[in-house]
Amino acid sequence: MYKIEWIENENIPKLNDFADETIIPPRPVYYEELDLLGFNEYWNYPKSVEPLLWAIGRDYYYNGDKIGKTIGGDLYNAPKLEVYKKDISITPINLQKLIQVNKKHIETLKNEAIEFIKKIYNDYKDKVDFFIVAFSGGKDSQVLLDLVTIALEPDQYKVIFTDTTMELPQTYETVKETQKHYQKTYKNFKITTVRNPTDADKLWRIFGSPSMNFRWCCNVYKTSPVMNYLKSLNGNNIPKIILFNGVRAEESSQRAEHNRIAKGVKHHSQINIEVIRYWNDFEVYLYCFYANIKLNSGYRLGFDRMGCSICPLAKNKNDFMVKKIAPDLAKKFINIVEEDAKKLHIKDIKEYIKDGAWKRRNENNNNTDSIVNFIENKNNLIIHLKNSNENIFEWLKVLGDYKVNGNSNKIQVKIDSKILDIYLQEKQESKILSTEKENIIDISHLKKVAYKTNYCVHCGSCEAECPTGALNVFPKVQVNTDLCIHCSKCLDFHSKGCVMADVSVAKINQGNNNLLKGFGKYQNFAMQSDWLNEFLKSDNWFEKNTLGPKQIPSMISWMREANIIDNKRNITIFGQLLKNIDIKLIYQLSLINLYQHSNLITWYLNSIEWSNNKYSKKDFLSLIEQNFNNFPKRSVEIGLTSLFKLFDTTPLGKELKIGYITKEKNVRYIQKIGTNDVSNEAILYSLYKLKEHLKRDDFRVSEFYEDGFVGGPYKIFGIDKETLIKKLKFISEDTKLIDVNLIQGLDNVFLKDFTAIEVLEECLK
């Protein structure tokens, strides 16, 4: 929140509203971290309770001067040290003075946070069932909990620690010590621990080790256990809750886009309150010193964040530290990663783990032998199920009441006022379901029932979604028809209705090298904003332009695939329409065409998930190597260079965050964050391009968010569902170019008898 500067010749940073030269928020460094890394060979320092230095990233500072740095580090190797000043004697930080010079600012932060908590409580106390404090044992949750204990009475909230069974020993100790600390003041204070019934290492073996693209663990081990516990306190009904959490905008670019009061981010019945959202790292540590909070001892060892021990989102340096301080815990999960690597036929498993490639992989690696296949034509759907884990008749109950005609193997499911006829054939380990495709919503839900029947491993995620307590998945699936209201929440919470199905079916573009064809045609160049502006303002660009001899054919390729020019180099109607609109809208509309015609853009938008994960050029190559055999490496490298340039030189990068460029240590990274700032024109154009591509004129909004769906506003822009629904309602009322049915659980979008270019012309009049 505040700017930070060094106090000259002192080992103390200072918060300041008007600092001329500001520094990145530093974290305190203790002797335990210096010993662990090996700095004790170069510096003299006491084994003090107080911190000794400050770290910014990997750089270490004493009295405002950089004295050392760490480089690299992974599971098998300690980070290398660079020492700029040797044989110096370091004295501990004067915490009393640190607090004194920053007291005014930290108390301002404290008082604002306390008043905010009180206001939230008063605004919502008659509207929700529970106020929850999410306590992870990390520094942010330690500060959050302290603020809540000041603002509210102990009986006004519950404190919950979610034990993933992947935590470091220091975190469990912090939970225990924190409860003891507050019980001295509040006799009835309690931290409730909740967890999934199955230990994480067991589900790692079932689901496959998680990765950036297969983050099943957060849902299974964090969100669902909390909701299932709260349901047990609320008559097995889903409660309305206020969840105070320690999420901060500084932690990631994705979290920076959260609201301080965020509805439905993790669960539809939950409102997240981000109390310290605008605090920076230094302010969090500073408050801990000010309030005499005993930090999780993991921070003394050098962890900048305390979370799961072995995590696909953790830095490789963290893997080294985990192995060093909790070798048995690290070994338990790394052994599973090694087993998974063998299943994927990775040749150099040690390098695969050392480099962190397992964290970035796009291929699932579980042992399931369940198979679900769909055969669809214009009128019928046939579903083949093999090696089902569950009884399909149990899962059919969530669709509606049904009856079975044993003679004809006919199942009649009553859905609202309609009857869905399903024909079932059973052969040994296989089942074949067939039905007519009369209602697209019913068919989508039937597919999800099929997925749940085959893939359910009783993780508890869908049970947490059930609002009435009708669904129980332990030890086998049971649906209480007296309680089930057929709301479909257990089906619609994940794209395939099942976390395990999402992970198991999500092999991306495996082996089809045609998808990489043409990556090299751009010759390391992009359709830059200034180049495109020059083209749109010129009447004879092909004869007179400022581009070089290699840049011109690259630009022509880009413009053809964006449908700005045709194969004869004539400007298209679409290209003409771009001449009178702003550059950001130009690139939104062009991206829609590029998604359909550029293999590079198609691969990127289909294969990389919307998240704050960072991908270097090397990371992208690693993903492609895992998914394609004998691919044209040089061509792909050229295409990736062009991709970085596209995002670096157009609004698709910094403004729209389709590919947000960052740089660390001379390595550039892309973050595919996405945007809600999508124009109505772009949404309409993307829908009508989708209509032309799929030969359909009706869609469900939820379809756009399903894995594997081709095109649409979410696939191309990453717009969130709530924002898209609001925009669709407005577009329907304002333009009459679409009709929508977005009430009472319906999410239908109906397109009219127009072409995409006709709709765009109408919008841009």
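Values in this text are rule-based calculations from the coordinates and carry no lab data. Computed from a predicted model, the values in this text were never measured in an experiment. Note that we place each Cβ from the backbone using ideal geometry, even for glycine, and neighbour counts take in every protein chain shown.
Structural remarks
- Distance between the pseudo-spin-label points of residue 96 and residue 742 (7 Å out from Cα toward the beta carbon): 6.1 nm.
- For the pair residue 119 and residue 3, a Förster radius of 41 Å applied to the C-beta separation gives a FRET efficiency near 0.95, rounded to the nearest 0.05.
- FRET efficiency, residue 150 to residue 16 (Cβ-Cβ, R0 22 Å, nearest 0.05): 0.30
- The modelled label-to-label distance between residue 69 and residue 188, using points 7 Å beyond Cα along the C-beta direction, is 5.6 nm.
- Label-reachable residues, the range 729-765, where backbone N falls under 20 Å from a point 7 Å from residue 568's Cα toward its Cβ: none
- Computed extension length for residue 205-residue 616: 145.1 nm, one decimal, from 0.36 nm per residue of separation with the Cα-Cα distance subtracted.
- Of 354/715; 342/715; 448/691, those spanning more than 26 Å from alpha-carbon to alpha-carbon: 354/715; 342/715
- Think of it as helices only: each DSSP H run of n ≥ 4 in the chain is worth -39500 (n - 2.57), and spread over all residues that comes to -11000 deg cm²/dmol at 222 nm.
- Out-of-range pairs (alpha-carbon distance over 22 Å; input 447/729; 231/721; 69/663; 14/663; 127/263; 496/721): 447/729; 231/721; 14/663
- Selection of trypsin sites (Lys or Arg not before Pro), the range 568-599, meeting DSSP coil and at most 14 other Cβ within 10 Å: 568, 569
- Viscosity 0.890 mPa s, temperature 25 °C, Stokes-Einstein D of the range 313-387 from Kirkwood C-alpha radius, µm²/s: 162 µm²/s
- Theoretical FRET efficiency, 1/(1+(r/R0)^6), r = Cβ-Cβ of residue 380 and residue 342, R0 35 Å, to 0.05: 0.30
- Under the combined filter of DSSP loop state and at most 12 neighbouring Cβ atoms within 10 Å, the range 100-173 retains these trypsin sites (Lys or Arg not before Pro): 125, 127.
- Residue separation of residue 423 and residue 666 scaled by 0.36 nm, minus their Cα-Cα distance, works out to 81.4 nm of gained length.
- Partners for residue 118 among aspartates and glutamates (Cα-Cα distance below 12 Å; same-chain residues under 8 apart left out): 153
- Extension gain, residue 111 back to residue 633 (0.36 nm per residue minus Cα-Cα distance, nm): 182.2 nm
- Divided by 2.2 N^0.38 Å, where N counts the residues, the Cα radius of gyration of the chain comes to 1.02.
- Those trypsin sites (Lys or Arg not before Pro) in the range 1-54 that DSSP places in a loop and that have at most 14 other beta carbons within 10 Å: 47
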